[in-house]
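Asks: Please see the structure below; I have some questions.
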Amino acid sequence: MLMQGFQGFMWLLSMALIVFSGFALIDAATRREDAYRAADKKTKPFWLIILGLAFVVNLIFNILSFLPVIGLIATIVYMVDVRPALRGLPGGGRPRRGSSSDGPYGPYNGGR
């Protein structure tokens with residue numbers, strides 16, 4: 001009974017780790033490339049590779065192995081250091097979504 005409870009807890013912890021690393025990977029993928037340079041952080045491909053490896057390692061290996069712990073550390077570094085720096089930039093480091101009335105020099109206001 002005790003071992004089943006422990007296995008259930010470890011499974012939940014493993015799933016939480018997979019979701020956490022997956023969220024970080026998706027978040028890193030949706031940020032602009034130039035935002036990483038503007039925030040003075042490593043490049044976007046660097047973080048995509050590191051977080052992608054962390055996600056795959058969490059899928060393959062047991063939570064009690066040392067590789068998921070290394071992936072967790074990388075994910076935590078992204079979430080507490082890189083992500084807030086990117087979000088602090090104008091536009092939050094996200095791709096700009098202009099309206100249909102935007103021209104090449106900004107929004108068109110109809111001559112007003």
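Asks: For the stretch 1-96, which trypsin sites (Lys or Arg not before Pro) are both in a DSSP coil and crowded by at most 11 other Cβ atoms within 10 Å? Walk me through the intermediate numbers first.
Replies: On the way: sites: ARG31, ARG32, ARG37, LYS41, LYS42, ARG87, ARG96; in loops: ARG31, ARG32, LYS41, LYS42, ARG96.
Filter output for the stretch 1-96: ARG96.
Asks: Here's a follow-up. Binning at 10 Å from 0, report for the stretch 12-87 what percent of all alpha-carbon pair distances ends up in each bin.
Replies: Result returned by the calculation: 21, 53, 22, 4.
Asks: What nm distance separates the two modelled labels at VAL56 and LEU13, each placed 7 Å from Cα along Cα→Cβ?
Replies: Taking the two extended label points, one gets 2.5 nm.
Asks: Using alpha carbons only, how many angstrom separate the centre of the stretch 1-25 from the centre of the stretch 42-96?
Replies: Measuring centre to centre over Cα atoms gives 18 Å.
Asks: With +1 assigned to the C-beta of every Lys and Arg and -1 to the C-beta of every Asp and Glu, and no other charges, what is the dipole magnitude of the stretch 12-87 about the Cα centre in debye, to the nearest 20? Display every interim value, and only then the final one.
Replies: Numbers: 8 positive and 5 negative charges, 33 e Å.
Dipole of the stretch 12-87, to the nearest 20 debye: 160 debye.
Asks: Please compute the contact order of the stretch 12-87 in relative form: average sequence separation of alpha-carbon pairs under 8 Å and at least six residues apart, divided by the residue count, as a percent.
Replies: The value is 37 percent.
Each value in this text was obtained by applying a stated rule to the coordinates, not by laboratory testing. Since we're looking at a predicted model, the values are computed, not measured. Reconstructed Cβ throughout: ideal geometry from the backbone, glycine too, with neighbour counts over all protein chains shown.
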